[in-house]
Amino acid sequence: MERVYNFAAGPAAMPLSVLEKAKAEFTCYGSTGMSVMEMSHRSKMYLEIYQQTERLVRQVMDISDDYAVLFLPGGATMQFAAIPMNLLAENGSADYVDSGNFAHGALEEAKKYGNVRVIASSRDDKYTYIPEVTPDMIDPSACYVHITTNNTIFGTRYTSLPDTGNVPLVADASSNILSEPYDVNRFGVIYAGAQKNIGPAGMAIVIVRRDLMGKARPSTPKILDWAKQADADSMVNTPPTYTIYLAGLCMQWLLDQGGVSEMEKINIHKASLLYDVLDSSKLYRATAQKAFRSRMNVTFVTRDPDMDALFVKEAAAQGLVNLKGHRLVGGIRASIYNAMPVEGVEKLAEFMKAFEVQHV
Ligand SMILES: *Cc1c(COP(=O)(O)O)cnc(C)c1O
């Protein structure tokens, strides 16, 4: 069977050349005589792979030595708990921006560990925009401010980062990391689940400013303590070795495409192909407010849920799969991460126009 264009929100499409390279090396990596999967995580051959992945992540995101780069199990959701454990002092307080379902999940988790202030929210408006955050809204004594740079379910993104002064900015960038350049120095912590723009599921990359480490609560499990993980090269326990290897292949692929700033240009082009169709349509309506539209998750509806379902079904018959919106919101969502080729988006745009002609 031929490969389809997979518009899934995550786990999501991977670059085909990465899959092919992994396939070629699957049973026998280099001159090691074994699969990466079979290597001891402490072996010299595996440590080279680990260090290469870290080096490439640092290179593509231009991360200075002031930051540790951790590869941790449990995805972004595990970090929802790790963040307060590592950063929220027992009597301290943290400021959260509630811009989507994952943002909400992060703050609900943090509440278990201490005082959480929701300083801005678009929850009552169905998360169709990013709420404004001005410096006066931030508690200058807060342990950190938490944002979600791209809201995967609702299809919104921050077009500029809030100015948090001296309060560390902590960002869940799971669904748009590596899709546009970010100045890492503006953040205390950036973290992302791997299964959208980094590689396969089951891991998060956590980029932590070193001076923020070492303050974890005594009750913090060792595996969630960033300082301990940094000291152990993310190997407090056996790390997701194969996922780290694949993430390295994806980083090399990204560099081969010209790096993050080149990728951003392609992503702007891909997103505009779809938004242009939506904006000139009598059938579709984009659900996110224009000023906050995501370049990674394009969310829209037709005139009713039955028509949405028909759209999803007919698209799938043409090899354009996983376009159903998240179960919380319904509708249609096209996730077009870095690995989605331009041709896939062009095919989808053509399908959308043809479907509209049939159904208006
Ligand atoms: C997918 C996603 C998550 C959850 O990631 P897991 O790896 O499943 O824990 C969290 N935040 C955002 C913004 C996401 O897109």
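Side notes on the structure shown:
- From Glu132, Glu180, residue being closer than 28 Å to Leu16 by Cβ and away from the ligand (no atom under 11 Å from the Cβ): Glu180
- Residue count for the stretch 131-151, restricted to those that are in contact with a Gly (Cβ under 7 Å, 6 or more places away or on another chain) and not in a loop (DSSP other than H, G, I, E, B): 3
- All conditions but one from (1) within 16 Å of the ligand (Cβ to nearest atom); (2) in contact (Cβ under 8 Å) with a residue 60 or more places away in the chain; (3) not in a loop (DSSP other than H, G, I, E, B) apply to Phe154; the one that does not is (3).
- Checking each residue in the stretch 47-74 for being within 16 Å of the ligand (Cβ to nearest atom) and open to solvent by less than 10 Å² (accessible area, probe 1.4 Å) picks out Leu70, Phe71, Leu72.
- Inter-residue pairs, beta-carbon under 7 Å, first touching a residue at least 60 places away in the same chain (Cβ under 8 Å) and in the stretch 226-242, second part of a loop (DSSP other than H, G, I, E, B) and open to solvent by less than 20 Å² (accessible area, probe 1.4 Å), 6+ apart: Thr241/Met39
- Within the set Thr148, Thr241, the sole residue that is within 11 Å of the ligand (Cβ to nearest atom), modelled with pLDDT of 95 or more and of a type in the set (Ser, Thr, Tyr) turns out to be Thr148.
- Subset of the stretch 113-128 [farther than 24 Å from Ala12 by Cα, within 16 Å of the ligand (Cβ to nearest atom) and in a loop (DSSP other than H, G, I, E, B)]: Ser122
- Annotation: of all residues in the stretch 214-228 being more than 23 Å from Ala247 (Cα to Cα) and open to solvent by 40 Å² or more (accessible area, probe 1.4 Å), the one that is nearest to the ligand (Cβ to nearest atom) is Pro221.
- Residues of the stretch 114-136 that turn out to be touching a residue at least 40 places away in the same chain (Cβ under 8 Å) and either small (Gly, Ala, Ser) or farther than 21 Å from Ala173 by Cα (or both), as a count: 0
- Residues within the stretch 258-311 that are closer than 19 Å to Val345 by Cα and surrounded by fewer than 15 Cβ atoms within 10 Å (Cβ to Cβ), tallied: 8
- Where a residue in the stretch 20-48 is free of Cβ contacts under 8 Å to residues at least 40 places away in the same chain and its partner, wherever it lies, is outside any loop (DSSP other than H, G, I, E, B) and surrounded by 15 or more Cβ atoms within 10 Å (Cβ to Cβ), with Cβ under 6 Å and at least six apart: Tyr29/Val36; Thr32/Met45
- Counted as qualifying within the stretch 1-102 are the helices (runs of 4 or more DSSP H) with 2 or more residues that are among the small types (Gly, Ala, Ser), namely 16-24, 75-87.
- Matching residues, the stretch 81-95, being without any contact (Cβ under 8 Å) to a residue 40 or more places away in the chain and either more than 16 Å from the ligand (Cβ to nearest atom) or over 15 Å from Asp225 (Cβ atoms) (or both): Asn91
- Restricting Asp98, Asp183 to residues that are on the phi < 0 side of the Ramachandran plot, modelled with pLDDT of 95 or more, of a type outside the set (Ser, Thr, Tyr) and open to solvent by 10 Å² or more (accessible area, probe 1.4 Å) narrows the list to Asp183.
Yes/no matrix, rows are residues, columns are (1) closer than 30 Å to Ser40 by Cβ; (2) in a helix (DSSP H, G or I); (3) hydrophobic (A, V, I, L, M, F, W, C):
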residue	(1), (2), (3)
Ile244	yes, yes, yes
Gly248	yes, yes, no
Ser261	no, yes, no
Glu264	no, yes, no
Ser281	no, no, no
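- Applying the condition of being among the β-branched types (Val, Ile, Thr) and crowded, with 20+ Cβ neighbours inside 10 Å to the stretch 154-166 and asking which residue is nearest to the chain's Cα centre (by Cα) yields Thr156.
- Test: residue in the stretch 116-126 that is in the same structural domain as Phe80 (by TED's automatic domain parsing), under 18 Å from the mean Cα position of the chain (by Cα) and at negative phi: no
- Residue satisfying all of: in the stretch 201-213; of a type outside the set (A, V, I, L, M) and modelled with pLDDT of 95 or more; farthest from Leu246 (Cα to Cα) among these: Asp211
The values are calculated or read from the model by the stated rules, or taken from the named source; none is laboratory data. Keep in mind it's a predicted model, so treat the numbers as computed, not measured. Cβ sites come from the backbone with ideal geometry, for glycine too, and all protein chains shown count toward neighbours. Ligands, DNA and RNA are excluded from the accessible area calculation, which covers all protein heavy atoms including side chains. Shrake-Rupley method; radii C 1.70, N 1.55, O 1.52, S 1.80 Å.
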